[in-house]
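Student: There's a structure below that I have some questions on.
The values are calculated or read from the model by the stated rules, or taken from the named source; none is laboratory data. Quick caveat: nothing in here was measured; it's all calculated off a predicted structure. Reconstructed Cβ throughout: ideal geometry from the backbone, glycine too, with neighbour counts over all protein chains shown. Note: accessible area is taken over every heavy atom of the protein model, side chains too, but ligands, DNA and RNA are not part of it. Shrake-Rupley method; radii C 1.70, N 1.55, O 1.52, S 1.80 Å.
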Amino acid sequence: MNCVEPQEVGLDQSKMPLVSALQRCADRPNAAFYTPGHKRGQGASASLRQLLGSAALRADLPELPELDNLFAPEGVIAQAQQLAAQAFGAQQTWFLANGSTCGVEAAILATCGPGDKLILPRNVHSSAISGLILSGAMPIYVSPIYSRDWTMALGVRAADIEAALALHPEAKAVLVVSPTYHGVCSDLAAIAQLAHTRNVPLIVDEAHGPHFAFHPQLPISALQAGADIAVQSAHKVLSSLTQSALLHTQGDRIDRARLSQALQLTQSTSPSYLLLASLDAARCQMVMEGERLMSNAIALADRAFDSLSQLEGLRVLQPAWHGVADRCDRTRLTGDRTRLTIEVFGLGLTGFDADEMLHEQCQVTAELPALRHITFIVSLGNNDSDIDRLIAGFKTLCRACPPEKEGSLGANQAQSGKPLSPETAVGQETVEPLILGVASVSPRQAFFAGKTARSLEDAVGYLCAETICPYPPGIPVLLAGEQITADAIASLRSILSAGGTLSGCIDPTLKTILTIT
């Protein structure tokens, strides 16, 4: 296991201090004159009691003296966070009850102020844009590697981060998304070294990678690679409850007092103890059983990959744990073997069509449908029966929609039964990454500015007041505060005409666009 062993620092990783304290409080038969209003389930509706059960409602408790205070922990929360820091390889860990969203926002607030520059890729989560709005920082956007062959963003190159740092040596921090939604990781060790050479902290949005520290056949974690802050959605692939997350720090480049203050701004003052306790339990589970559980998940994903790759009309992307070489500079783009993306274009279907058919007809539900493919997350909660159903579902799909004839668009672009290789992943089909200029105004200024809806033709030359992101490829074409260009408008129109969708804009038909007045 890649995490720190318990005996090295004397902490007993088999303990769950927060879970145990919450259980004791839930079992205590006292009269409740505190929030929440359902009073330990006594006042809950019958339908909610039937759904959740009385035990969960009894444990839905506020910050009782025995349960500590999330924003000034001295008791069981402090103990649980110390155990998590050791387990994940951090110097300090914070539990989050507002998801990774609040962690990313707080990381930006802790490192950047109004007018400060933050280097980050364009395929960031919307939480990073929110962090820019809250902090008033100016973004320096770097384009990630983009595979035309797979119509998706891959990792960001260390060389492009280095160029951005050289152009903007006054930058206060670097933020990288790794792994991506599709499981592709950047060379974080190289990026961390480049940032640290200039004494710039590295923030990693590692929402989809909290399991990396617990198995040698998965990519190294962001902390192991040298990140100063790593934010993880523990609920995405571990066993904690939805909306629970972790923020880890190490080193002396982060003002931890300021980070704690930032978390108080972005977190609820009434955090759910069910969420916090689930983080404690998930940590214990991964330390005690993580390698076995992840070995099983990897084996399940490998079996699905092997079977689905043999079906005519499909193409399967399973990022290889041993790495994919980028031809441009031989950067090592590692990947998560538990993430599967299946291209269905060869069946004459969009990913949205296939997702609907699988969900409604085969009881197989994906994580992320897109125009050409569907992404599935295999985690410690899956079993052989799930994989059997996944394989059977795609066999049903292939029978219902046989591959198109040779020479058709779908047949040409979807190589039947051929898995991802380094050449098809990041080779001649890949757009060369670019360093982009600074926006004319910050996202914060654009958010608070007066706005006018204009036709596309009239909007050219104005500053954009919204962030418009097409999917695919999931990388914003226009960001709030950037100047609207004719090329950007043409790109958005071509994406719409090809069947893509747009998010972040008030008018998804793109007849009008919001500009700064």
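Student: Here's a check for you: in segment 108-117, which residue that is touching a strand residue (DSSP E or B) at 6+ places or on another chain (Cβ under 6 Å) and buried (at least 24 other Cβ atoms within 10 Å of the Cβ) is farthest from residue 204 (Cα to Cα)?
Tutor: Looking at residues that are touching a strand residue (DSSP E or B) at 6+ places or on another chain (Cβ under 6 Å) and buried (at least 24 other Cβ atoms within 10 Å of the Cβ), I get 112.
Student: Tally time: how many residues in segment 200-234 are surrounded by 22 or more Cβ atoms within 10 Å (Cβ to Cβ) and either charged (D, E, K, R) or closer than 23 Å to residue 281 by Cα (or both)?
Tutor: 22
Student: Tell me whether segment 97-107 contains one or more residues that are at pLDDT 95 or above, open to solvent by 20 Å² or more (accessible area, probe 1.4 Å) and either of a type in the set (Phe, Trp, Tyr) or farther than 24 Å from residue 477 by Cβ (or both).
Tutor: There is at least one residue in segment 97-107 that is at pLDDT 95 or above, open to solvent by 20 Å² or more (accessible area, probe 1.4 Å) and either of a type in the set (Phe, Trp, Tyr) or farther than 24 Å from residue 477 by Cβ (or both).
Student: Kindly indicate which of 303, 292, 258 is part of a helix (DSSP H, G or I), closer than 30 Å to residue 193 by Cα and not aliphatic (A, V, I, L, M). I'd like the intermediate steps shown before the answer.
Tutor: Details: 303 fails: closer than 30 Å to residue 193 by Cα; 292 fails: closer than 30 Å to residue 193 by Cα.
That would be 258, the only listed residue that is part of a helix (DSSP H, G or I), closer than 30 Å to residue 193 by Cα and not aliphatic (A, V, I, L, M).
Student: Residue pairs, Cβ under 9 Å, 6 or more apart or interchain, first in segment 353-373 and closer than 14 Å to residue 392 by Cβ, second among the basic types (Lys, Arg) and open to solvent by 40 Å² or more (accessible area, probe 1.4 Å). List them.
Tutor: 362/389; 363/389; 364/389
Student: Something else now. Can you find a residue that is closer than 20 Å to residue 184 by Cβ, outside any loop (DSSP other than H, G, I, E, B), modelled with pLDDT of 90 or more and open to solvent by less than 10 Å² (accessible area, probe 1.4 Å) anywhere in segment 325-333? Give the derivation first.
Tutor: Residues of segment 325-333 closer than 20 Å to residue 184 by Cβ: 325-333.
Remaining after also requiring outside any loop (DSSP other than H, G, I, E, B): 325, 332-333.
Checking the rest, the ones that are also modelled with pLDDT of 90 or more come to none.
No, segment 325-333 contains no residue that is closer than 20 Å to residue 184 by Cβ, outside any loop (DSSP other than H, G, I, E, B), modelled with pLDDT of 90 or more and open to solvent by less than 10 Å² (accessible area, probe 1.4 Å).
Student: Condition (residue is of a type in the set (Phe, Trp, Tyr) and either open to solvent by less than 30 Å² (accessible area, probe 1.4 Å) or closer than 20 Å to residue 479 by Cα (or both)) applied to segment 148-165: is it met by at least one residue? Don't jump to the end; show me each part of the working.
Tutor: Step one: filter segment 148-165 for residues of a type in the set (Phe, Trp, Tyr), giving 150.
Restricting the remaining residues to those that are either open to solvent by less than 30 Å² (accessible area, probe 1.4 Å) or closer than 20 Å to residue 479 by Cα (or both) gives 150.
Checking segment 148-165: at least one residue is of a type in the set (Phe, Trp, Tyr) and either open to solvent by less than 30 Å² (accessible area, probe 1.4 Å) or closer than 20 Å to residue 479 by Cα (or both).
Student: Scan (1) of a type outside the set (Asp, Glu); (2) surrounded by fewer than 17 Cβ atoms within 10 Å (Cβ to Cβ); (3) more than 15 Å from residue 276 (Cα to Cα) for the single condition residue 64 breaks and write down its number.
Tutor: Residue 64 satisfies every listed condition except (3).
Student: Which is open to solvent by less than 60 Å² (accessible area, probe 1.4 Å), at pLDDT 90 or above, more than 23 Å from residue 116 (Cβ to Cβ) and aliphatic (A, V, I, L, M), of 495, 513, 468?
Tutor: Values: 495 fails: at pLDDT 90 or above; 468 fails: at pLDDT 90 or above.
Among 495, 513, 468, only 513 is open to solvent by less than 60 Å² (accessible area, probe 1.4 Å), at pLDDT 90 or above, more than 23 Å from residue 116 (Cβ to Cβ) and aliphatic (A, V, I, L, M).
Student: Restricting to segment 102-132, give me the number of residues that are aliphatic (A, V, I, L, M), in a helix (DSSP H, G or I) and in contact with a Ser or Thr (Cβ under 8 Å, 6 or more places away or on another chain).
Tutor: First pass over segment 102-132, keeping only residues aliphatic (A, V, I, L, M): 104, 106-110, 118-120, 124, 128-129, 132.
Applying the additional criterion that residues be in a helix (DSSP H, G or I) yields 104, 106-110, 128-129, 132.
Remaining after also requiring in contact with a Ser or Thr (Cβ under 8 Å, 6 or more places away or on another chain): 104, 106, 108-109, 129, 132.
Qualifying residue count for the region: 6.
Student: Check residue 71 against each of (1) surrounded by fewer than 24 Cβ atoms within 10 Å (Cβ to Cβ); (2) in contact with an Asp or Glu (Cβ under 9 Å, 6 or more places away or on another chain) and name the one condition it does not meet.
Tutor: (2)
Student: Residue under question is residue 268, and the condition is that it be under 22 Å from the mean Cα position of the chain (by Cα) and either farther than 26 Å from residue 75 by Cα or surrounded by fewer than 19 Cβ atoms within 10 Å (Cβ to Cβ) (or both); does it hold? It would help to see each step written out before you state the result.
Tutor: Working: under 22 Å from the mean Cα position of the chain (by Cα): yes; either farther than 26 Å from residue 75 by Cα or surrounded by fewer than 19 Cβ atoms within 10 Å (Cβ to Cβ) (or both): yes.
Taking the combined requirement at face value, the residue satisfies it.
Student: Quick check on my filter: what residues within segment 227-255 are of a type outside the set (A, V, I, L, M, F, W, C), in contact with a strand residue (DSSP E or B) (Cβ under 7 Å, 6 or more places away or on another chain) and closer than 12 Å to residue 89 by Cβ?
Tutor: 232, 248, 249, listed by residue number.
Student: Name the residues in segment 498-510 that are surrounded by 12 or more Cβ atoms within 10 Å (Cβ to Cβ) and out of contact with any Phe, Trp or Tyr (no Cβ under 7 Å at 6 or more places or on another chain), would you?
Tutor: Applying the first criterion (surrounded by 12 or more Cβ atoms within 10 Å (Cβ to Cβ)) to segment 498-510 yields 500-508, 510.
If the condition is that a residue be surrounded by 12 or more Cβ atoms within 10 Å (Cβ to Cβ) and out of contact with any Phe, Trp or Tyr (no Cβ under 7 Å at 6 or more places or on another chain), then 502, 504, 505, 506, 507, 508, 510 are the ones that fit.
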